[in-house]
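Below: the structure, in structure tokens.
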There are 2 protein chains.
Amino acid sequence: MTSETAPAAPAALIARKVGIDTYRENVVYLRRDCPVYRAEGFQALSKVEVRADGNAILAVLNVVDDDRLIGECELGLSEEAFAQLAIAEGQPVHIAHAEPPPSISALKRKIGGERLTRDELHAVVRDIAAHRYSKIELAAFVVATNQFELDRDEVLFLTEAMVAVGRKLDWKERPVVDKHCIGGIPGNRTSMLVVPIVAAHGMLMPKTSSRAITSPAGTADTMECLAQVELPFERLGEIVRKVRGCLAWGGRAQLSPADDVLISVSRPLTIDSPGQMVSSILSKKIAAGSTHLVLDIPLGPTAKVRHMDDAQRLKKLFEYVAHRMGMTLDAVISDGRQPVGRGIGPVLEARDVMQVLNNDPGAPSDLRVKALRLAGRVLEFDPDLRGGDGFAVARDILDSGRALAKMNEILDAQGRRAETPPLARLAHDVLAPDDGVVTGIDNERLARIARLAGAPKIKGAGVDLFRKLGEKVARGEPLYRVYADSASELEFARQVAARATGYAIGTADEVPRVFVEF
Amino acid sequence: MTSETAPAAPAALIARKVGIDTYRENVVYLRRDCPVYRAEGFQALSKVEVRADGNAILAVLNVVDDDRLIGECELGLSEEAFAQLAIAEGQPVHIAHAEPPPSISALKRKIGGERLTRDELHAVVRDIAAHRYSKIELAAFVVATNQFELDRDEVLFLTEAMVAVGRKLDWKERPVVDKHCIGGIPGNRTSMLVVPIVAAHGMLMPKTSSRAITSPAGTADTMECLAQVELPFERLGEIVRKVRGCLAWGGRAQLSPADDVLISVSRPLTIDSPGQMVSSILSKKIAAGSTHLVLDIPLGPTAKVRHMDDAQRLKKLFEYVAHRMGMTLDAVISDGRQPVGRGIGPVLEARDVMQVLNNDPGAPSDLRVKALRLAGRVLEFDPDLRGGDGFAVARDILDSGRALAKMNEILDAQGRRAETPPLARLAHDVLAPDDGVVTGIDNERLARIARLAGAPKIKGAGVDLFRKLGEKVARGEPLYRVYADSASELEFARQVAARATGYAIGTADEVPRVFVEF
């Protein structure tokens, strides 16, 4: 037997849409009895490459034994896969074994505990942004770069690389100010107060926010109760030039796309390592064109950062990377012992924000004071403002109604909603098991309960807190009320609250002290 | 509004089989328009718990927009999910948000670089064996326990825990001998020679092997060309009592099930950390009832272990854990510079083995000698054998035809196949690009080419090597032949071989030396 000539490439499959939402993972479906490709040959643990008309995507292969879903010579793809391939149904596609991503040797070096170079980190981030990593590889990267596994220059390189693979906005003026919280505290909707205050002062504050991924509400989810947040980039530019600020969803802008991919793995692992937090936040802010940033690091027993040492170390890492990236950063360590305000969930949080803007006497004072402090720090980026005057200026803007007027301008510019969505129609009160003083409110537990109740997808779902730290409560009095729109969701939330309410009741001297200045 | 009474639990869904093979991950399918559960409420990044009739499984949820696959009030499950739940189609099922696995706090401690206790490692392994970890969590565990992240006692606890969650065989006599290779060398089918030699000597050697996961052939895949390997456990016991040995697939026995789950993640990452290798191998061997083990650690530039230091450290770790688990271990570091024998793929490897057993003058001598050395070490576990005599005794057994006779007994006992599967019908020769001497053969590359050609699923597919290290070759002469059964698979293999053959051609003095005694 001698060498045969190379066999012809196999015939194409026909692309077919399959209505299965695989949540951010490309999955393609191939019949086990496909006459073109032997499905089992692909069913190893690596990905397949799907090619059509010059484009290629990577996907996980599921083998189909069911003849209802796709035909023998078809390849089923989810809608997202179609969009990424930029083809229409019925077009020919080919599949092949995916080559390992080019940066996989760098990933393995990092798993082995070695330091990566700038070039290696850029290569890794390019592969991540291009969806060339499997979930397993992404998890490996997230764990291998966790904790103290990245030195500060690696964090810098990672941040640079994340900016480099995405779009970068240019507002054509300076300063472009921003405010960001590292997250983990429910109800912490200060941005919706800081933006109107700062914009009313005349500074440019084009705030783009994320939607909640694992929390019960993000700023974008909450703002959406009042106005449009999904705006084309050109429209956003016009709005910001006109009213000096916005509160929009950042997802459209493709800022730091690698970060979006990494988050899909780091969030379920609830890994928030310093390096990943810094690169994630700063890459998004720099890509959004911000030049000056006030960063909020809440500290508390159920916050993301639980010890002052860790908070200080994180602050220094943020400062180092921001400085090297040419951004002015003012990081503050704040009181993260409990949720901010009363509502948890988009409608409830929007209610709290509007009470503060309206100078309602019943407005949650912790939300008001925190927003004023943060706004004050942002205002002090104004070279014409005297150091230390920011808080008073912010308070004047809020108390005078100028912040509310600015918020109304922003809502009108973005497209005000005719009606605010209603509170969810079912409710369940969680009662105090004992007399005493509230000595602890578990941020994570309350967020989980609000989320099980349907927040943020159901805007009116969530939790409304009736008691905060240090307040007295009598046995049988409600601690908080859970709102949900469906019986199954109310029940999920109720069961979890029944196992542990998230509240600790004790004596006044057991209330943990605040050790933060801010 | 006052507290309402607890809502009733939601109505059940109807279980429906969905013919999609999701490869070792439970996936369930729920219609987006399901009137019972709001699908989006579940579509976070965590798992759902599916309950039916007292049983519960964890699964990933995919949301279905397609009305062909399942009905509005149905929950689609893969066949494996049905089997795990032990229900029939049409039965009622409930879904709920899955609680995080109990050991998740231990996982997080390990990710944070801390040392885990015996209890923590047992808890982690219980959750893994019960399929309570997502792929992302499994990857996190694999990376967090990689390299030097486990100390030797943690490896011991992990091994213990892996034995504890599975079945343990008891052969009711001692010694029960075994031989195992850490893997990575194609064609390394010494077990099929060692077992008949050792069993012919009268020692008990009930060898259970795995099928290939990411390699082109395992011992079970190769043995299956000649006889049944999937035997009920009771039958296996009868065979071993009668003929003193077997060569069966170990998958049926549920030995170390946690290891099977971990492998599904560590293999695609090609992570082979010392701790994971030791716990994986020793847990399987101890569960299989082995009391004495010869362990083969191949060393070479494209083997799993590439430096003598690493080989020695790995050897010591194996010795420590084996000793503490009450097992007698003899670990040998062997020449892993190139594939063993000539064939790569089940049929080709079975051919090599039978040539050696038949004392065929054309049999590959490296396979023969390596098998004799390993068999000799196993034989020396016999207290009646003088130290150093093992090799000669093994050679006598092989040369006299007693090993062949024993192999025939084993084949008959397990159920001899009427016909050996044929070689695959398509072939492609890969030619030497230059004159010279073979100075390197890349184990990984050749394994990948054989696998792309269809091995091990297609028994007759694979690679047949015509040249080994140190042999001369002229430009245009074939280095090896690729066998495949389908045009697409031959083409996949051909393309990869065209990019790099896996052979290095140079001068005689460039052939790497063997630094191993064995």
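The values are calculated or read from the model by the stated rules, or taken from the named source; none is laboratory data. Keep in mind that this is a model prediction, so the values were computed, not measured. As a convention, Cβ positions derive from the backbone with ideal geometry for all residues, glycine included, and neighbour counts pool all protein chains shown.
Could you pull out the residue among B:Asp221, B:Asp259 that is crowded, with 24+ Cβ neighbours inside 10 Å, within 14 Å of another protein chain (Cβ to nearest Cβ), part of a helix (DSSP H, G or I) and not hydroxyl-bearing (Ser, Thr, Tyr)? Give the derivation first.
On the way: B:Asp259 fails: within 14 Å of another protein chain (Cβ to nearest Cβ).
Step by step, each of B:Asp221, B:Asp259 is checked, and only B:Asp221 is crowded, with 24+ Cβ neighbours inside 10 Å, within 14 Å of another protein chain (Cβ to nearest Cβ), part of a helix (DSSP H, G or I) and not hydroxyl-bearing (Ser, Thr, Tyr).
Only residues that are surrounded by 14 or more Cβ atoms within 10 Å (Cβ to Cβ) and out of contact with any strand residue (DSSP E or B) (no Cβ under 6 Å at 6 or more places or on another chain) were counted in segment B:493-516, giving 4.
Residues in segment B:464-477 that are surrounded by 17 or more Cβ atoms within 10 Å (Cβ to Cβ) and part of a strand (DSSP E or B): B:Asp464, B:Leu465, B:Val473. Of the residues making up segment A:177-189, none is without any contact (Cβ under 8 Å) to a residue 60 or more places away in the chain, of a type in the set (Gly, Ala, Ser) and surrounded by fewer than 24 Cβ atoms within 10 Å (Cβ to Cβ). In segment A:344-366, the residue that is farthest from A:Leu446 (Cα to Cα) out of those that are under 23 Å from the mean Cα position of the chain (by Cα) and crowded, with 24+ Cβ neighbours inside 10 Å is A:Val353.
I want to confirm something. Restricting to segment B:168-209 and keeping residues that are assigned to a strand (DSSP E or B) and polar (S, T, N, Q), which single residue is nearest to the chain's Cα centre (by Cα)? Give the derivation first.
Our first condition is that a residue be assigned to a strand (DSSP E or B); within segment B:168-209, this holds for B:176-181, B:204-209.
So of that shortlist, the ones also polar (S, T, N, Q) come out as B:208-209.
On the way: B:Thr208: 11, B:Ser209: 8 Å.
Restricting to residues being assigned to a strand (DSSP E or B) and polar (S, T, N, Q), the top hit is B:Ser209.
Residues of segment A:387-405 include none that is surrounded by fewer than 19 Cβ atoms within 10 Å (Cβ to Cβ), outside any helix (DSSP H, G or I) and of a type in the set (A, V, I, L, M, F, W, C).
Taking segment A:71-87 as the range and being in contact with a strand residue (DSSP E or B) (Cβ under 8 Å, 6 or more places away or on another chain) and of a type in the set (A, V, I, L, M, F, W, C) as the test, the residues that pass are A:Cys73, A:Leu75, A:Leu77, A:Ala81, A:Phe82, A:Leu85, A:Ala86, A:Ile87. Listed conditions (1) more than 18 Å from A:Leu348 (Cβ to Cβ); (2) under 24 Å from the mean Cα position of the chain (by Cα); (3) of a type outside the set (A, V, I, L, M) are all met by A:Lys459, apart from (1). Looking across segment B:40-70 at every residue that is away from chain A (no Cβ under 12 Å) and in contact with a strand residue (DSSP E or B) (Cβ under 9 Å, 6 or more places away or on another chain), the one that is surrounded by the fewest Cβ atoms within 10 Å (Cβ to Cβ) is identified as B:Asp53. Looking across segment A:464-478, just one residue is touching a Lys or Arg at 6+ places or on another chain (Cβ under 6 Å) and either among the charged types (D, E, K, R) or within 11 Å of chain B (Cβ to nearest Cβ) (or both), and that is A:Asp464. Here B:Lys315 meets the list (1) under 22 Å from B:Met223 (Cβ atoms); (2) surrounded by 16 or more Cβ atoms within 10 Å (Cβ to Cβ) almost entirely, failing just condition (1).
From A:Val430, A:Val369, grab the single residue that is of a type outside the set (Lys, Arg), modelled with pLDDT of 95 or more and either in the same structural domain as A:Asp221 (by TED's automatic domain parsing) or within 22 Å of the chain's Cα centre (by Cα) (or both).
Details: A:Val430 fails: either in the same structural domain as A:Asp221 (by TED's automatic domain parsing) or within 22 Å of the chain's Cα centre (by Cα) (or both).
Within the list A:Val430, A:Val369, the selection yields A:Val369.
Could you please find all residues in segment A:122-140 being within 19 Å of the chain's Cα centre (by Cα) and within 11 Å of another protein chain (Cβ to nearest Cβ)? Quick ask: steps written out before the conclusion?
Of segment A:122-140, the ones within 19 Å of the chain's Cα centre (by Cα) are A:125, A:128-129, A:131, A:135, A:138-139.
Across segment A:122-140, the qualifying residues are A:Lys135, A:Leu138, A:Ala139.
To keep it simple, each residue is scored yes or no on (1) outside the structural domain of A:Ala311 (by TED's automatic domain parsing); (2) crowded, with 21+ Cβ neighbours inside 10 Å; (3) among the acidic types (Asp, Glu); (4) touching a helix residue (DSSP H, G or I) at 6+ places or on another chain (Cβ under 9 Å).
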{"position": "A:Ser105", "(1), (2), (3), (4)": "yes, no, no, yes"}
{"position": "A:Ile111", "(1), (2), (3), (4)": "yes, yes, no, yes"}
{"position": "A:Glu120", "(1), (2), (3), (4)": "yes, no, yes, yes"}
{"position": "A:Val124", "(1), (2), (3), (4)": "yes, yes, no, yes"}
{"position": "A:Asp127", "(1), (2), (3), (4)": "yes, yes, yes, yes"}
{"position": "A:Asp151", "(1), (2), (3), (4)": "yes, no, yes, yes"}
{"position": "A:Thr159", "(1), (2), (3), (4)": "yes, yes, no, yes"}
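Before we move on, is A:Arg481 crowded, with 22+ Cβ neighbours inside 10 Å and either charged (D, E, K, R) or within 10 Å of another protein chain (Cβ to nearest Cβ) (or both)? Here the answer is no, as A:Arg481 does not meet what is asked. Considered as a group, the residues in segment A:93-123 that are aliphatic (A, V, I, L, M) and over 19 Å from A:Val48 (Cα atoms) include one that is modelled with the lowest pLDDT, and that residue is A:Ile111. Taken over segment A:440-463, the criterion of being in a loop (DSSP other than H, G, I, E, B) and either within 11 Å of chain B (Cβ to nearest Cβ) or not basic (Lys, Arg) (or both) is satisfied by A:Asp442, A:Ala453, A:Gly454, A:Ala455, A:Pro456, A:Lys457, A:Ile458, A:Gly460, A:Ala461. Counting residues in segment B:323-343 that are among the acidic types (Asp, Glu) and surrounded by 24 or more Cβ atoms within 10 Å (Cβ to Cβ) gives zero.
Among the residues that make up segment A:227-244, is at least one of them within 17 Å of A:Lys304 (Cβ to Cβ), more than 14 Å from every other protein chain (Cβ to nearest Cβ) and either in a helix (DSSP H, G or I) or of a type in the set (Lys, Arg) (or both)? The answer is no; no qualifying residue exists.
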